[in-house]
Amino acid sequence: MELKAILTLVGGFVIIFVVVILVIRSMLGSHADVAAKRLQKLNEENLRREDELKRKQDEAERAYRKKLAEAEKEAQVLKEKVQKEALELKENIIRKAEREKEGIISDAKEESEGLKAMAALGLELNLANATEEVLKQVFTSELSSRVHEHLVDLVINELGRSGAKKIDTQFDTAEIITPYPLTAEQKKKLNQALNTRTGQKLTLIEKSDDHQSIAGIYIKLGSLIIDGTLHNKFKQALSKLKTDLKI
């Protein structure tokens, strides 16, 4: 009886132990599932956050690359614009330099031609002066007087020439410069010729000046000059000779 009771008691303890074990396993299993689900949820949340972070990182990288490409494009456009402006500035400077160069060359040519003309004119004047000085030494007073009369007559005849162009003047006087005084007849003819050419009655103001020329007559009607001196004849002859010889 005692053995049976002991075995019954032992069996009861075993059953109780098994039941406790099963209960504990059940409880632990339930908590493990909850923990596993929680861990899974946390893992999914982390994965979602990683995906979101990666997406934002990709967007930021794409935006950066886009901004960088736009900046490079703007830099290239600015570079090309600066190069174009620099090229245009260079071309403008070159064109300006060419124009200035042409202007300088043109001015130099004009100045050279002007100097040549002045030199030629000076040579003509010097030759005319020298020729007249020689004639002063060669001509006798009588010969100079005859040459003078001849030159005065030439001027009077030219002024009185039929069909000659009218002389417009606002002055009523004519200044006459000669190395020899005009004769009464010469004054009369000259006055008539001038009155006819100007269409008005002029008063002659005669001045004697043997420095003007050794022979001939010099007439001033305001700004109009009629040069019938021997000196002017020499200049005309030298100019014609230069033209004929193509000097």
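Observations, loosely collected:
Yes/no matrix, rows are residues, columns are (1) in a helix (DSSP H, G or I); (2) farther than 24 Å from Val147 by Cβ; (3) in the same structural domain as Glu149 (by TED's automatic domain parsing):
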residue: Asp168; (1), (2), (3): no, yes, yes
residue: Phe171; (1), (2), (3): no, yes, yes
residue: Ile177; (1), (2), (3): no, no, yes
residue: Lys187; (1), (2), (3): yes, no, yes
residue: Gln200; (1), (2), (3): no, yes, yes
residue: Ile214; (1), (2), (3): no, no, yes
residue: Lys220; (1), (2), (3): no, no, yes
residue: Gly228; (1), (2), (3): no, no, yes
residue: Leu238; (1), (2), (3): yes, no, yes
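- Test result for Lys220, at pLDDT 85 or above and either surrounded by fewer than 18 Cβ atoms within 10 Å (Cβ to Cβ) or out of contact with any strand residue (DSSP E or B) (no Cβ under 6 Å at 6 or more places or on another chain) (or both): yes
- When every residue of the stretch 171-183 is checked against the conditions, at least one turns out to be over 30 Å from Ser141 (Cα atoms) and surrounded by 12 or more Cβ atoms within 10 Å (Cβ to Cβ).
The values are calculated or read from the model by the stated rules, or taken from the named source; none is laboratory data. What you are looking at is a predicted structure, and each value in this text was computed from that prediction instead of being measured. Cβ sites come from the backbone with ideal geometry, for glycine too, and all protein chains shown count toward neighbours.
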